[in-house]
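K.L.:
Please read through the structure below; I'll follow up with questions.
The values are calculated or read from the model by the stated rules, or taken from the named source; none is laboratory data. Keep in mind it's a predicted model, so treat the numbers as computed, not measured. When we count neighbours, we look across all protein chains shown, and the Cβ atoms used for this are built from the backbone with ideal geometry, even at glycine. Calculation scope for accessible area: heavy atoms of the full protein, side chains included, ligands and nucleic acids excluded. Shrake-Rupley method; radii C 1.70, N 1.55, O 1.52, S 1.80 Å.
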Amino acid sequence: MTDPVAQGVPADAMTRLAGLRPGAPGGLFTSDLSVNEFLLVREAGFRPLGLVLGSSIYHVGIQVGRWSKNMELDQLSGAMYHARELAMTRMEAEADQLGADGIVGVRLRVEFRDFGSDIAEFIAIGTAVKADDTSQNWRNNKNQPFTSDLNGQDFWTLIQAGYAPLGMVMGTCVYHVAHRRLGAVLGSLGQNVEIPEFTQALYDARELAMTRMQAEAQALHAEGIVGVYLDQFHHQWGGHTMEFFAIGTAVRPLRADHVIAKPQMVLGLDR
């Protein structure tokens with residue numbers, strides 16, 4: 001079990017977690033799952049233990065680059081990744097303290113604060129859960145509780161199909177897109193024309209984020225990644241510098257002979 005204090009979990013959080021442990025006097029669980037998600041997580045064989053969170057207020061430095069060149073701003077990429085990793089690690093330490101097998105419905109947020117335009121809070125929050133079936137090891141190969149950003153419905157479907165989540169995997173790339181020269185701007189006025197330097201810059205940046213996410217999944221010995229989405233943020237950096245962020249849930253089969261249930265047709269009644 002990881003030492004939550006060493007990971008930066010505050011004393012007040014330790015007091016709160018003590019009241020959430022199974023068997024604690026007057027203990028009750030907390031969860032940000034909706035009613036439907038809560039019931040589906042229970043149906044999947046997992047019992048909510050409590051809401052767990054991690055936070056990191058981080059000073060995001062500056063990096064000087066050539067305005068006329070497409071390039072990754074690797075110092076900023078590292079800062080954005082490290083800050084999220086700190087928040088995730090503290091959330092996992094809280095779940096570990098509860099003896100959880102995993103965390104479902106994880107949300108990652110970045111909020112720039114009034115302390116300064118280059119200071120942001122990175123927040124990770126989710127619901128720690130414990131499996132009813134103790135014969136199955138639900139932790140990942142790093143002996144950490146699994147993490148998943150799947151909603152309750154998708155989590156239930158994943159378990160029913162014979163797969164287990166291993167962890168949320170992510171990749172980030174902060175990229176500076178070169179400014180166009182005046183001659184190039186004037187030359188394309190009034191024309192339908194691709195801007196190849198912009199196309200290549202955005203393509204390269206997304207590829208870097210995706211590659212880094214895949215490397216994290218490989219480190220967990222995952223079979224694949226589900227629920228992947230790509231986001232693009234400008235944050236406080238202006239129009240030519242942006243962050244490309246890839247995130248998803250790495251999964252593994254629970255057993256070699258699992259059979260995926262045949263999907264059933266559902267007719268929606270809403271318009």
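K.L.:
Would segment 133-147 turn up any residue that is touching a Ser or Thr at 6+ places or on another chain (Cβ under 6 Å) and open to solvent by less than 40 Å² (accessible area, probe 1.4 Å)?
P.N.:
No - not one qualifying residue is present in segment 133-147.
K.L.:
Mind checking whether some residue in segment 35-46 is closer than 26 Å to F122 by Cα, at pLDDT 70 or above and in contact with a strand residue (DSSP E or B) (Cβ under 6 Å, 6 or more places away or on another chain)?
P.N.:
Among the residues of segment 35-46, not one is closer than 26 Å to F122 by Cα, at pLDDT 70 or above and in contact with a strand residue (DSSP E or B) (Cβ under 6 Å, 6 or more places away or on another chain), which makes the answer no.
K.L.:
Another one. Scan Q214, Q160 and give me the residue that is under 23 Å from V104 (Cβ atoms), at pLDDT 95 or above and open to solvent by 20 Å² or more (accessible area, probe 1.4 Å).
P.N.:
Of Q214, Q160, the one residue that is under 23 Å from V104 (Cβ atoms), at pLDDT 95 or above and open to solvent by 20 Å² or more (accessible area, probe 1.4 Å) is Q214.
K.L.:
Filter segment 141-167 down to residues that are more than 16 Å from the chain's Cα centre (by Cα) and outside any helix (DSSP H, G or I) and give me whichever is nearest to D96 (Cα to Cα).
P.N.:
Ranking the qualifying residues of segment 141-167, first place goes to N143.
K.L.:
Filter segment 82-103 down to the residues that are surrounded by fewer than 17 Cβ atoms within 10 Å (Cβ to Cβ) and modelled with pLDDT of 90 or more, then identify the one that is nearest to T15 (Cα to Cα).
P.N.:
So, considering only residues that are surrounded by fewer than 17 Cβ atoms within 10 Å (Cβ to Cβ) and modelled with pLDDT of 90 or more, the one nearest to T15 (Cα to Cα) is E85.
K.L.:
Going through segment 236-256 one residue at a time, which ones are modelled with pLDDT under 70 and open to solvent by 100 Å² or more (accessible area, probe 1.4 Å)?
P.N.:
Q236 - this is the single residue of segment 236-256 that is modelled with pLDDT under 70 and open to solvent by 100 Å² or more (accessible area, probe 1.4 Å).
K.L.:
Would you please name the residue that is nearest to P145 (Cα to Cα), looking only at residues in segment 202-245 that are of a type in the set (S, T, N, Q) and not in a strand (DSSP E or B)?
P.N.:
Out of the qualifying residues, it is Q218.
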